[in-house]
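Since every read-out is calculated from the coordinates, none of them should be taken as a lab result. Nothing here was measured: the structure is a model prediction, and the numbers come from that model. Reconstructed Cβ throughout: ideal geometry from the backbone, glycine too, with neighbour counts over all protein chains shown.
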Amino acid sequence: MKCAICGKEMTKGFWFHVKSHGLTREEYEAKYSSEEITEEVESTEDVQQENIPQQEADPLADLLKEYNITLAQLREILDKELSDKKEPEKSAADLILEDIKATADSATEQAMKMAGPDELTTNDLHIAEALDKVCGYYVTKVTSNPKTWHLRKRSLRRRD
Ligand SMILES: [Zn+2]
């Protein structure tokens, strides 16, 4: 249909375009005869809606028309938008917690398997921590290349 303000012809986003002139749909229709508008529209699907006379202000319908989408499409967009926003927040925090817990768990598990000898070495900080906290060892020194924690049984230290 043709814009009565600037004369531009378009098939989609007409009311959105009208808005760009700073007019609402109501203002546009009041200013330019609605007869002219409906004639222009005759061949499009909009005709039926256009001709319903009792139509009151329907912001949702206007919105759909403005973006030239159906209600189902709008719903799809909102579903996607809202689920995108909600889930990553939750699962990101969950993943971090799970990761920390899993790392600590497996380190503790390995530390318990290693525990026994008077002296131990490990290249894993988490295992060194687990040996210290859970298995009764203490770190005697840390060497590099590769970084290695040397641990000793605490019970031996007491006797020293
Ligand atoms: Zn225009």
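Summing +1 for each Lys or Arg and -1 for each Asp or Glu among the other residues whose beta-carbon sits under 14 angstrom from that of GLN110 gives -3. Taking Cβ atoms as reference points and 12 Å as the exclusive limit, the residues near LEU23 contribute a net charge of 0, counting Lys and Arg as +1 and Asp and Glu as -1.
Taking amide H positions as modeled 1.01 Å from N, with prolines and chain starts lacking one, the residues under 5 Å from THR148 and 5 or more places away or on another chain are THR143. Ranking of ARG25, ARG154 by neighbouring Cβ atoms within 10 Å, starting from the fewest: ARG154, ARG25. If the chain linking VAL134 and PHE16 were pulled fully straight, counting 0.36 nm for each residue of separation and taking away their Cα-Cα distance, it would gain 35.8 nm.
Distances between placed amide hydrogens fall under 5 Å for THR121 paired with LEU151, all partners being 5 or more residues away or on another chain. In terms of surrounding Cβ atoms within a 10 Å radius of their Cβ, TYR137, TYR67, TYR28 rank from fewest to most as TYR67, TYR28, TYR137.
Listed from fewest to most Cβ neighbours within 10 Å, the set SER20, SER144 follows the order SER144, SER20.
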